[in-house]
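Q: Sharing a structure, written as structure tokens. Questions coming.
The values are calculated or read from the model by the stated rules, or taken from the named source; none is laboratory data. What you are looking at is a predicted structure, and each value in this text was computed from that prediction instead of being measured. Please note: Cβ atoms are built from the backbone with ideal geometry, for glycine as well, and neighbour counts cover all protein chains shown.
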Amino acid sequence: MVNLKGGSSKTTSAAFVAHAAAERGLSVLLVDADPQGSALRWGELAGWELPAVALASRDLHRRLPGIVGDRYELVVIDTPPMEDHRGIVVAAMRAAGVIVVTLAPTMIELDRLPPVWAAVNEVTAGG
């Protein structure tokens, strides 16, 4: 889950997708790549059984395969705001097979997307 700004439902969306996949029988790991650690704290407070790890790192894409191995069918990564932690977000996008861009249905949110699309294009082009 990526977006330029905070407050765009990245953590909520990541948690929902991870739980929905787990409820359907997939083995899922939730990765909290946000230094703020909201997904991990939320999981601890709610008593989630879903496994989650903190990995707020600019080399997440290199470290994640060693953590995941062949134990998980799906890895969902909750990222920090790209404007504050671009390196972490780019690393998460490099590790991803699918990139989900969350946003509220407003013109302000839509207007903030060009830097996000530029980063997605950079990563998918091999940059």
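Q: Can you run down the residue pairs with Cβ atoms below 8 Å, 6 or more apart or on separate chains, where the first is in the stretch 37-62 and on the phi > 0 side of the Ramachandran plot and the partner is part of a loop (DSSP other than H, G, I, E, B)?
A: Matching pairs, first to second residue: Gly37/Ala56.
Q: Search the stretch 28-44 for residues being assigned to a helix (DSSP H, G or I) and not basic (Lys, Arg), and hand back the single one that is surrounded by the most Cβ atoms within 10 Å (Cβ to Cβ).
A: That would be Ala39.
Q: In the stretch 58-78, which residues are in a loop (DSSP other than H, G, I, E, B) and either more than 18 Å from Val120 (Cα to Cα) or modelled with pLDDT under 95 (or both)?
A: Matches in the stretch 58-78: Gly69, Asp70, Arg71, Tyr72, Glu73.
Q: Another question, if that's okay. Consider the stretch 109-126. How many of its residues are touching a Leu at 6+ places or on another chain (Cβ under 8 Å) and either within 29 Å of Ser27 (Cβ to Cβ) or without any contact (Cβ under 8 Å) to a residue 24 or more places away in the chain (or both)?
A: Of the residues in that region, 1 qualify.
Q: Can you tell me which residues in the stretch 11-33 are farther than 15 Å from Pro51 by Cβ and in contact with a Gly (Cβ under 8 Å, 6 or more places away or on another chain)?
A: Across the stretch 11-33, there are no qualifying residues.
Q: Okay, moving on. What number of residues within the stretch 85-114 satisfy the criterion of being of a type outside the set (Ser, Thr, Tyr) and outside any helix (DSSP H, G or I)?
A: Qualifying residue count for the region: 11.
Q: Could you figure out which of (1) out of contact with any Lys or Arg (no Cβ under 8 Å at 6 or more places or on another chain); (2) surrounded by fewer than 20 Cβ atoms within 10 Å (Cβ to Cβ); (3) outside any loop (DSSP other than H, G, I, E, B) isn't true of Gly25?
A: Against the list (1) out of contact with any Lys or Arg (no Cβ under 8 Å at 6 or more places or on another chain); (2) surrounded by fewer than 20 Cβ atoms within 10 Å (Cβ to Cβ); (3) outside any loop (DSSP other than H, G, I, E, B), Gly25 comes up short only on (3).
Q: Taking the condition within 18 Å of Val2 (Cβ to Cβ), surrounded by 17 or more Cβ atoms within 10 Å (Cβ to Cβ) and either polar (S, T, N, Q) or free of Cβ contacts under 8 Å to residues at least 24 places away in the same chain (or both), does Thr106 pass?
A: Spelling it out, it is not the case that Thr106 is within 18 Å of Val2 (Cβ to Cβ), surrounded by 17 or more Cβ atoms within 10 Å (Cβ to Cβ) and either polar (S, T, N, Q) or free of Cβ contacts under 8 Å to residues at least 24 places away in the same chain (or both).
Q: So how many residues does the stretch 115-127 have that are part of a helix (DSSP H, G or I), of a type in the set (Gly, Ala, Ser) and out of contact with any helix residue (DSSP H, G or I) (no Cβ under 9 Å at 6 or more places or on another chain)?
A: Final tally of qualifying residues: 1.
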